[in-house]
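Asks: Encoded as structure tokens, here's the structure I'll be asking about.
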Amino acid sequence: MYGTGDVDFFDRVAPLYDLAMPPADGAALAAGLDHATRPIERLLDVGGGSGRAAAALAGPDITVVDASVEMLSRARRARGLAGLAADAGRLPFGDASVDAVTVVDALHHLPDHDAALAEAARALAPGGALVVREFNPDHPLGRLLVAGEHAIGMDSRFRAPDDLAAAMDAVDLDPRIVDRGFGYTVVGVRR
């Protein structure tokens, strides 16, 4: 209904998105970023939309990367964040050029999880961290979320924490499940 990666949906709801969504969990993101073994000076917030997650972080130079130009417009106008319209499966950044990547509440919307994980790993410098906050489809609330997103026509595909950790390992990231629950965090540190 909304196209590959749900981009059309997010373009339409961009003006109301921040009114409906709670702030990102900055403490959970910081706990994930603490796994990096290098200083974090440059961070990409992939699938970062309106900049909700980037706004919860302090310190590094952050670039919000999203395929929805309307959501990026919100990140720029409402939050003053740098934004770049790009595909998570083909990031326009050099090899080993960033210290951290976050994907917050967005991996399930990306059309190719494995390509997005591989691109994040490629862009990370050694010791850099990929921090993914997602919803667990095996949790009772997660099952409701999956059903709800599919009911409104989204193309969402959710992964459980152990599956995501295995996918990170497959792209040469050292995975760690930081927390579990309806919302969970998995970190992959670039080897």
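The values are calculated or read from the model by the stated rules, or taken from the named source; none is laboratory data. These numbers come from a predicted model, not from an experiment. Reconstructed Cβ throughout: ideal geometry from the backbone, glycine too, with neighbour counts over all protein chains shown. These area figures cover heavy atoms from the full protein model, side chains too; ligands, DNA and RNA do not enter into them. Shrake-Rupley method; radii C 1.70, N 1.55, O 1.52, S 1.80 Å.
Asks: Return the Cα extents of segment 79-191 along principal axes one, two and three, sorted largest first, each rounded to a whole Å.
Replies: Reported extents, whole Å, longest axis first: 38, 29, 26.
Asks: Quote the relative contact order of the chain in percent (integer), defining contacts as alpha-carbon pairs under 8 Å separated by 6+ residues.
Replies: Relative contact order of the chain: 22 percent.
Asks: Where does each of I177, I152 land when they are ordered by accessible area, with a 1.4 Å probe and the largest first?
Replies: Largest accessible area first, the list is I152, I177.
Asks: Let's see if you can work this out: charge +1 on each Lys and Arg Cβ, -1 on each Asp and Glu Cβ, no other charges. What is the dipole magnitude of segment 10-156 about its Cα centre, in debye to the nearest 20?
Replies: Computed about the Cα centre, the dipole is about 380 debye.
Asks: While we're here: Once Rg and Dmax of the Cα atoms in Å is worked out from the coordinates, which option in [x] 21.0, 69; [y] 15.8, 43; [z] 15.1, 42 does it equal?
Replies: Recomputing Rg and Dmax of the Cα atoms in Å here gives the entry labelled [z].
Asks: In nm, give the distance between the simple-model label positions of D34 and L19, each being 7 Å from the Cα along the Cα-to-Cβ direction.
Replies: Simple spin-label model gives 3.7 nm for this pair.
Asks: Ignoring everything but the protein chains, give the 1.4 Å probe accessible area of H150 in square angstrom, nearest 10.
Replies: 90
Asks: Once every DSSP H run of n ≥ 4 in the chain is given -39500 (n - 2.57) and the sum is divided by its residues, what mean residue ellipticity at 222 nm do you get, rounded to the nearest 500 deg cm²/dmol?
Replies: Helices in the chain give a 222 nm mean residue ellipticity of -10500 deg cm²/dmol.
Asks: In a solvent-free Debye calculation with one equal scatterer on each Cα, what is log10 I(q)/I(0) for segment 1-107 at q = 0.12, 0.21, 0.23 Å⁻¹, listed in the order of the q values?
Replies: Log10 I(q)/I(0), no solvent term: -0.38, -1.13, -1.33.
Asks: Considering amide H positions built from the backbone, and no H for Pro or chain starts, which residues 5 or more places from G83, or on another chain, come under 5 Å of its amide H?
Replies: Under 5 Å from the amide H of G83: V64.
Asks: Now, a different point. Rank these by accessible area, largest first, 1.4 Å probe: F182, F93.
Replies: F182, F93
Asks: Taking the Kirkwood radius as the inverse of the mean 1/r across Cα pairs, report the Rg/Rh of segment 85-150.
Replies: Result for segment 85-150 is an Rg/Rh of 1.06.
Asks: Sticking with this structure for a sec: Taking only protein heavy atoms and a 1.4 Å probe, what accessible area per residue, in Å², does the chain have with all protein chains in place?
Replies: Per residue, the chain has 43 Å² of solvent-accessible surface.
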